[in-house]
Amino acid sequence: MRPKNYLNNKDILKEIHKSKNRFNSYTAEEYGQYDIILQSVDKINRLSVAEAKRNKAKKMSADEYARRKGLGEKVKQAECETLPSEITKEELIFRVMTFDHIPEEPGRKKNPKTVADTRVKLPFPPFKHYKYNDEGEIILVGKSHWVGGMENGNFSHKHGKATDKLAMMWLKLVDRYATRGNVRGYTYNDEMKGQAILQLAQIGLQFDESKSDNPFAYYTAAVTNSFVRVINIEKRNQNIRDDILEMNDLNPSYTRQNQGEWEASVQRNANAAQTVYTKPKK
């Protein structure tokens with residue numbers, strides 16, 4: 001049976017982008033789409049413009065192919081191709097990662113190591129959007145964690161939220177992970193799922209598109225860590241309960257009993273092997 005792809009990076013990235021845009025403000029709605037991510041405004045140059053054109057052309061080609069396929073047309077990808085040379089630099093949107101518009105919060109961390117540690121805690125890394133105007137000048141057209149105009153607006157990081165579809169993706173990922181053979185047998189499976197969902201709600205938008213295009217792996221790692229954390233806590237609590245039971249001359253859990261029997265068996269086998277291979281003294 002062919003495996004079913006229940007989640008894919010393309011759909012997850014799309015919903016992450018929509019969710020982040022709920023926290024942002026743009027001078028026009030279409031400026032919320034970006035073509036390249038840069039670390040500084042100074043990086044907007046001939047090379048980055050050429051790369052942005054290639055990125056935009058690739059996306060436009062894929063969107064046109066998907067649109068025509070959705071209409072039932074028998075079409076080849078080559079027939080839907082958009083060339084980078086057909087795109088002008090005025091059509092491009094540059095996302096620049098920056099904390100310039102984020103208020104400082106001294107003392108948030110005792111020993112700050114990065115710029116982020118000295119600013120207000122955010123649901124995702126901040127940025128600004130820039131574009132070329134008709135005069136060839138680079139102008140600001142968008143800010144993350146912002147409400148209102150670029151000049152007369154104000155900082156805000158609590159007015160947005162993740163889309164319902166992205167939240168459903170988180171739930172689906174956790175539910176699917178909880179059916180794995182190495183975790184589904186635990187009696188506290190629901191507790192592990194709850195911890196994982198809470199973790200995704202906290203870090204779900206922290207995914208940085210400038211560093212990776214694989215949010216599925218990012219989310220799976222977070223879910224794995226959440227499950228392992230709960231398992232370790234439960235094991236530690238169980239050991240404490242077993243110690244108390246043994247101190248009161250009561251039988252501990254079957255896990256502790258089986259562990260004791262297994263350790264005794266290992267010791268007996270080791271002693272037997274040592275007796276066999278030990279040479280008799282002359």
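What to note about this one:
- In the range 34-57, residue nearest to SER212 (Cα to Cα) [restricted to those that are among the charged types (D, E, K, R) and free of Cβ contacts under 8 Å to residues at least 24 places away in the same chain]: GLU51
- Applying the criterion of being under 28 Å from the mean Cα position of the chain (by Cα) and in a loop (DSSP other than H, G, I, E, B) to the residues of the range 56-98, the residue that is nearest to ASP42 (Cα to Cα) is THR98.
- Failed criterion for PHE216 (all others in (1) within 16 Å of ASN8 (Cα to Cα); (2) exposed (fewer than 13 other Cβ atoms within 10 Å of the Cβ) hold): (2)
- The one condition in (1) modelled with pLDDT under 90; (2) on the phi < 0 side of the Ramachandran plot that ASP249 fails to fulfil: (2)
- Only one of the numbered conditions (1) touching a residue at least 24 places away in the same chain (Cβ under 8 Å); (2) out of contact with any Phe, Trp or Tyr (no Cβ under 9 Å at 6 or more places or on another chain) is not met by GLU135, and that is (1).
The values are calculated or read from the model by the stated rules, or taken from the named source; none is laboratory data. As the structure is a computational prediction, the values presented were derived from the model and not from experiment. A quick note on method: Cβ atoms are made from the backbone with ideal geometry, for glycine too, and the neighbour counts reach across all protein chains shown.
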